[in-house]
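The structure is given below, and queries will be raised subsequently.
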Amino acid sequence: MNNKRSLFQTFVTPFGDIPASAAMIAGAILWIAVLGAWAVATYGGYVRDMFLPVPDAVVRRAITLAADGSLFVHMWSSIKVVLLGFLVSAAISVPLGLYMGTYRIVQAALEPMVNFIRYLPVTSLVPLFILWIGIGIEQRITVIFFGTFFSQLVMIADEARAVSRDLVNASYTLGTKRSEAVWHVIFPAALPGIINTLRVTMGWAWTYLVVAELVAANSGLGFISLKAMRGFQVDTIFLAIVLIGLLGLISDLFFRYLRRRLAPWAV
């Protein structure tokens with residue numbers, strides 16, 4: 001009885017740790033509930049299949065596309081676009097964000113323009129990207145870049161700005177040069193937050209995938225989704241959505257793992 005009460009108190013305690021088994025069970029219950037509701041709605045005839053396909057129709061579509069290899073071609077095309085756009089964005093935003101958060105002169109120069117651009121809808125820029133870049137993979141990568149870069153920059157700058165001044169001042173007394181403080185002190189201190197920023201913005205990169213493949217793409221999960229929409233192939237649309245979600249989940253788990261490995265003190 002006491003064990004049950006103690007476990008219940010753990011569940012209702014803010015920020016309290018719970019057993020790994022309890023976490024897995026809670027997650028499994030929610031998945032079962034969602035899939036069960038989907039099955040009841042479709043197999044029970046409450047929703048027409050032209051609006052919501054039955055689960056096995058999505059599975060059959062996946063098997064069909066996997067059998068001829070086209071599914072993997074489309075998946076790799078989308079993965080390549082998202083990764084390239086995201087990596088280019090991160091490679092620029094991490095160092096620039098650190099300097100923007102550390103040096104007031106850099107912040108004063110960049111912040112007004114960055115805050116203006118990051119509120120622009122990326123979809124409205126697609127025609128300009130096509131005009132300037134063309135309709136190749138470069139255009140799709142640019143959409144992912146613009147969808148993530150400016151928000152990454154602001155969030156990473158905030159992480160750098162939040163580093164304790166006492167920590168920086170203590171490093172000076174230990175012999176750290178001012179020119180070295182950004183990478184030897186501020187970057188390691190802000191690393192957990194930076195990884196969290198990259199994790200969040202990677203999710204945004206996946207949400208911009210369909211926009212990136214909206215025009216003139218000939219492969220990708222967004223492409224097959226838009227193509228299926230024209231033919232009312234709802235099972236294919238759901239397959240593309242599920243795969244994008246699964247790929248996004250895998251990338252999220254990767255960043256969680258990266259944070260545990262690179263910043264174990266912050267876990």
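The values are calculated or read from the model by the stated rules, or taken from the named source; none is laboratory data. Everything quoted here is computed from the prediction, not taken from an experiment. Backbone-built Cβ (ideal geometry, glycine too); neighbour counts: all protein chains shown.
Look through the range 179-204, keep the residues that are in contact with an Asp or Glu (Cβ under 7 Å, 6 or more places away or on another chain) and either among the β-branched types (Val, Ile, Thr) or not in a helix (DSSP H, G or I) (or both), and return whichever of them is farthest from Leu249 (Cα to Cα).
Checking each candidate, the answer is Ile194.
So which of Val154, Val182 ends up being touching a Leu at 6+ places or on another chain (Cβ under 6 Å) and closer than 19 Å to Ile92 by Cα?
Val182
I need the full set of residues from the range 94-130 which are among the hydrophobic types (A, V, I, L, M, F, W, C) and either at pLDDT below 90 or at positive phi (or both), in order please.
Leu120, Val122, Leu125, Val126, Leu128, Phe129, Ile130
Give, as residue ranges, the helices (runs of 4 or more DSSP H) completely inside the range 121-178 that count at least 3 residues that are touching a residue at least 24 places away in the same chain (Cβ under 8 Å) and assigned by TED's automatic domain parsing to the domain that holds Ala109.
122-133, 137-161
Right, here's the next one. Tally time: how many residues in the range 19-50 are under 26 Å from the mean Cα position of the chain (by Cα) and outside any helix (DSSP H, G or I)?
Of the residues in the range 19-50, 0 are under 26 Å from the mean Cα position of the chain (by Cα) and outside any helix (DSSP H, G or I).
Just the residues that are surrounded by 11 or more Cβ atoms within 10 Å (Cβ to Cβ), closer than 24 Å to Thr207 by Cα and touching a residue at least 60 places away in the same chain (Cβ under 8 Å), please, taken from the range 33-56.
Leu52, Pro53
Name the residues in the range 208-232 that are in contact (Cβ under 8 Å) with a residue 12 or more places away in the chain and of a type in the set (S, T, N, Q), would you?
Correct list: Ser219, Ser225.
Further question on the same structure: I'd like the full set of residues that are assigned to a helix (DSSP H, G or I) and surrounded by fewer than 22 Cβ atoms within 10 Å (Cβ to Cβ), limited to the range 91-105.
Matches in the range 91-105: Ala91, Ile92, Val94, Pro95, Leu96, Tyr99, Thr102, Arg104, Ile105.
Quick check on the range 227-267: of everything there that is small (Gly, Ala, Ser) and under 27 Å from Leu191 (Cα atoms), which residue is surrounded by the fewest Cβ atoms within 10 Å (Cβ to Cβ)?
Gly245
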